[in-house]
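*Asks:* Handing you this structure, nothing more for now.
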Amino acid sequence: MMLEQDTGLSLAIAQIVQRLKGSSLHSQLERQARGSWEKRILKSLNSMCTELSIPLARKRPIGEQKELLNKWNEMGTDEPDLSLFRPVYAPKDFLEVLMNLRNPNYENGDQPSFRNHLGLIQVPLKVKDIPELKDSFSELGLNTGQLGIDDSTQVPPELFENEHVRVGQTVLTEQDSAAAQQYVRQGCPTALRAELWALILNISNQPEDILYYEQLKSNVIQHDLLVDSLIYKDVKLTASNDDYYFVFEDYLYQVLLCFSRDTSVLEHFSYNSATPPKSYIRGKLGMEEYAVFYPPNGVIPFHGFSMYVAPLCFLYHEPSKLYQIFREMYVRFFFRLHSISSHPSGIVSLCLLFETLLQTHLPQLFYHLREIGAQPLRISFKWMVRAFSGYLATDQLLLLWDRILGYNSLEILAVLAAAVFAFRAVNLMEVTSLAAAEAVLADLSTLKVMPLLQIFLFATVT
Amino acid sequence: MEPPAPNPGHGAGRPMATRPAPCTVRSPVALQVGDVKTDLAQPGVAVIDVALPPAQPLDLQEIVFKNSYTAFLTVRVQRRRPCDVGRASARKWVTCLWNHCLMPSPHTEAGSQDYFSLFRHQLLCDVDQVTAVRLILRQPSPVWLHFTLEELRLYPRGQQSLQTDFPSWLSHLAPQQQPENLHGVSRLLMSSAGAGVSQGAVSMSRPELGYPGGRGQQGVPDPEKVSTEVQQLWVLTEMIRANQTAARIGRFDVDGCYDINLLSYT
């Protein structure tokens, strides 16, 4: 006899287990590096606040609240003057910080030796090699059907695609989250993707979730945050300029402005070793009962942040559901791409994995690029920080994010980055400067993700 | 009870009241062939001696420490045996843990700063009446400048106290009524679980509750099934009790005010 409350309980447990898998080490180097990096961000935001004489937060007058409510669905038509705002940081600033991470207990001699890594990352974290990756990503092997390869027009659908779609429909009928996670490793059929991702992320869009979203919306109406201007600027600079995503501009504001005010996101700081910024109510400096987090969700957006949301707009059109999917993806995956930790899916490990793969399997290319002053990570870092959003064609990006969900790991981003370099190796061997290397790798929109991954992992002679 | 794997260190098998045994932990001594001062090569082996107060031999329950870049650990103990009484000769050292791996990949960071717990039943030999402990640390990788163990604590075998968080009424089932009534009892408890459970308020003898055949030994319910149901029920009550403020309030302001100063650096 099963308890009726069982489904609610197992859902809560499943969500907690997902989020707690693998918390990071609190090593000394991380703490120091993180501390100084976070302080830099706070200083940047504070100086923007004082220079522009704009408060960090302000309650909107009633008139303004009404006006915002009226144009909630078309905030993109607004053209506020954002010229004085600048992003708090960009991925390349973050890369500089990661390059300077040093373990004081590690022998970083001046003499070149086997101890010094040839890439930019000098932290000795354990990363997988190709045999281990083959094992982890075994479903991407040559003998397993994949969407992104075996559904191309030349392949008759009876061979793989029809059966795969049928299995997907069964998984959805059964509402089996674990089976869905296993299933998406081979890719999601486009028609089933939205529901499958919702099933894996345990998003059901209950009435209380819709109410919660409405409450966040009312918080946006009531208070204006400096961070909002940063979000506006980011959307205008990135998504609005993108051929694929500019149509979703309004959705992006509706999601990101609410995201900034969502205090439930603070919970992820229990396994994210970063610290949310803090402030005090005016006049109550130092009094703990008047301490608040800023922004309320503790996450300061950086240049390109809105690109985490943009691809999801293709799948979800109802703002409340889109919001919840994004929030869950952020607290499970995306936060690792812009915080310092030693987690295997953290950005430091991904960078080291990328550099190690390239160095091991394309040593000539690696050496050549290094010699001309074009360290490969300088080019691939921005791809990985954004999980390739805005660089790949959207259908390819969604196939890639299928695998992130399926394997519950971001390591595939580093593998894809190495695979892209391998694909363009011949052209890269001929360049003689960083700018030329950047040009060779500027346009990834024609790439097919799954064949690249498959060839790099399973069909390259090692 | 199965001990938790040796990692972040709140050993569930150790009762909360036990304090670590008093002992003196000496700093690690590197074992080196040749002159310590002139030889530049790192030895990769160090020894930590732990001296226990004399005439107070310890029944060891658990060794807890924080790793600091040690790759492999060997633990040896010196024990006082009844046959040793009266003998002045040196006591034998016995290895109770041999080459235990702390860092699976010694050139990389994994495991380098983790907390470890070693329980007595993980050790190779009996660790009662221990008079001295010696930890032999090995770090074969030359990339690390220093390696040691920190926050070393030895826990004696204390009284096995009853787990305080286990409700007493679950262990007070009337023995002769056990087979027939458990099923009915568990059904009753589960139906009241939604409304909140009050401890000790449940009567144990309700044979007529939804149970065919009433009293008697006919069709005794499967004890495994019943115990699973009761366990599920207990977990649920614990969750309800712990989940006092389940509703997310989500307010980020203080009494409607979010007028803040600059961000704080501390």
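*Asks:* For chain A, which DSSP H helices look membrane-span-like by this rule: Cα extent along the axis of 15 Å or more and mean Kyte-Doolittle of at least -1.0?
*Replies:* Helices meeting the span and hydropathy rule in chain A are A:6-20, A:28-52, A:161-174, A:190-200, A:207-222, A:226-237, A:249-260, A:319-332, A:347-361, A:394-407, A:411-423.
*Asks:* 5 Å is the cut-off here: which amide hydrogens, built 1.01 Å from N in the peptide plane, fall below it relative to B:Leu97, excluding neighbours closer than 5 in sequence?
*Replies:* So B:Leu97 has HN proximity to B:Val75, B:Leu124.
*Asks:* Given labels modelled 7 Å from the Cα in the Cβ direction, how far is it in nm from A:His317 to B:Glu238?
*Replies:* 4.7
*Asks:* Place a label point 7 angstrom from the Cα of A:Gln222 along the Cα-to-Cβ direction, then list the residues of segment A:45-88 whose backbone nitrogen is under 18 Å away.
*Replies:* A:56-70, by backbone N distance to the label point.
*Asks:* Mind listing the long-range amide H neighbours of A:Arg60? Cut-off is under 5 Å, sequence gap 5 or more, other chains count too, H placed in the peptide plane at 1.01 Å from N.
*Replies:* Distant-sequence amide H within range of A:Arg60: A:His223, A:Asp224.
*Asks:* Which FRET efficiency, nearest 0.05, do A:Leu142 and A:Glu214 yield, Cβ-Cβ r, R0 45 Å?
*Replies:* 0.35
*Asks:* Got a number for carbon plus sulfur as a percent of segment A:327-375's accessible area, 1.4 Å probe?
*Replies:* On segment A:327-375, the fraction of accessible area on carbon and sulfur atoms equals 52 percent.
*Asks:* Something else: Pop the C-beta distance of A:Ile455 and A:Leu118 into the FRET formula with R0 = 30 Å and round what comes out to the nearest 0.05.
*Replies:* Calculated transfer efficiency: 0.80.
*Asks:* Between the chain alone and the structure with every protein chain in place, find the residues of segment B:104-140 that drop at least 10 Å² of accessible area; heavy atoms, 1.4 Å probe.
*Replies:* Buried-area filter returns B:Ser105, B:His107, B:Thr108, B:Glu109, B:Ala110, B:Gln113, B:Asp114.
*Asks:* On to the next question. Near A:Lys278, which lysines are there with a Cα under 30 Å away, not counting those fewer than 8 places off in the same chain?
*Replies:* Here the lysines satisfying the reach criterion relative to A:Lys278 are A:Lys21, A:Lys39, A:Lys43, A:Lys59, A:Lys66, A:Lys92, A:Lys217, A:Lys233, A:Lys236, A:Lys321, A:Lys382.
*Asks:* Answer rounded, prolate or oblate for segment A:62-203, using the Cα gyration tensor with square roots of eigenvalues a ≥ b ≥ c: rounded when a/c is under 1.5, else prolate when a/b is larger than b/c, else oblate.
*Replies:* oblate
*Asks:* With every protein chain left in place, what is the accessible area per residue of segment A:70-123 in square angstrom, probe 1.4 Å?
*Replies:* I get 55 Å² per residue for this part.
*Asks:* If you project the alpha carbons of segment A:299-404 onto their three principal axes, what span does each projection cover, largest first, in Å?
*Replies:* For segment A:299-404, the Cα spread along each principal axis is 50, 29, 24 Å.
*Asks:* Enter the accessible area per residue of segment A:310-366 (Å², integer; probe 1.4 Å; all protein chains in place).
*Replies:* 22
*Asks:* Averaged over every viewing direction, what's the projected area of the C-alpha convex hull for chain A? Give it in nm², one decimal, please.
*Replies:* Approximately 25.7 nm², given one-decimal rounding.
*Asks:* If you don't mind, another one. Measuring from a point 7 Å past the Cα of A:Glu267 along Cα-to-C-beta, which residues in segment A:323-337 have an amide N at less than 14 Å?
*Replies:* Of the residues in segment A:323-337, A:324-325, A:327-332 have backbone N under 14 Å from the label point off A:Glu267.
*Asks:* Now a separate question. Measure off 7 Å from each Cα along the Cα-to-Cβ vector at B:Ser264 and B:Ala51, then give the distance between these two points in nanometres to one decimal.
*Replies:* Between B:Ser264 and B:Ala51, the simple spin-label model gives 4.7 nm.
*Asks:* Sort A:Lys71, B:Lys225 by heavy-atom solvent-accessible area, probe 1.4 angstrom, most to least.
*Replies:* Ranked from most to least accessible, the order is B:Lys225, A:Lys71.
*Asks:* Leaving out ligands, DNA and RNA, calculate the buried accessible area for the pair B and A with a 1.4 Å probe, summed over both sides, in Å² to the nearest 100.
*Replies:* So the buried area, both faces added, is about 4400 Å².
*Asks:* Give me the one-decimal nm value for the distance between modelled label points at A:Thr275 and B:Asp128, 7 Å along each residue's Cα-to-Cβ direction.
*Replies:* Reported label-point gap for A:Thr275 and B:Asp128 is 5.0 nm.
*Asks:* Could you rank A:Glu289, A:Glu214, A:Glu38 by how accessible they are, 1.4 Å probe, largest area first?
*Replies:* Highest to lowest solvent-accessible surface, that is A:Glu289, A:Glu214, A:Glu38.
*Asks:* Let's test the formula: R0 of 56 Å, r as the Cβ-Cβ distance of A:Ala393 and B:Arg26. What FRET efficiency results, to the nearest 0.05?
*Replies:* Between A:Ala393 and B:Arg26 the formula returns 0.30.
The values are calculated or read from the model by the stated rules, or taken from the named source; none is laboratory data. It should be emphasised that the depicted structure is a prediction, and the values quoted were computed from it without experimental measurement. Don't worry about glycine lacking a Cβ; one is built from the backbone with ideal geometry, like all the others, and counts go over all protein chains shown. For the accessible areas, the whole protein counts, side chains as well, though only heavy atoms, and no ligand, DNA or RNA atoms are used. Shrake-Rupley method; radii C 1.70, N 1.55, O 1.52, S 1.80 Å.
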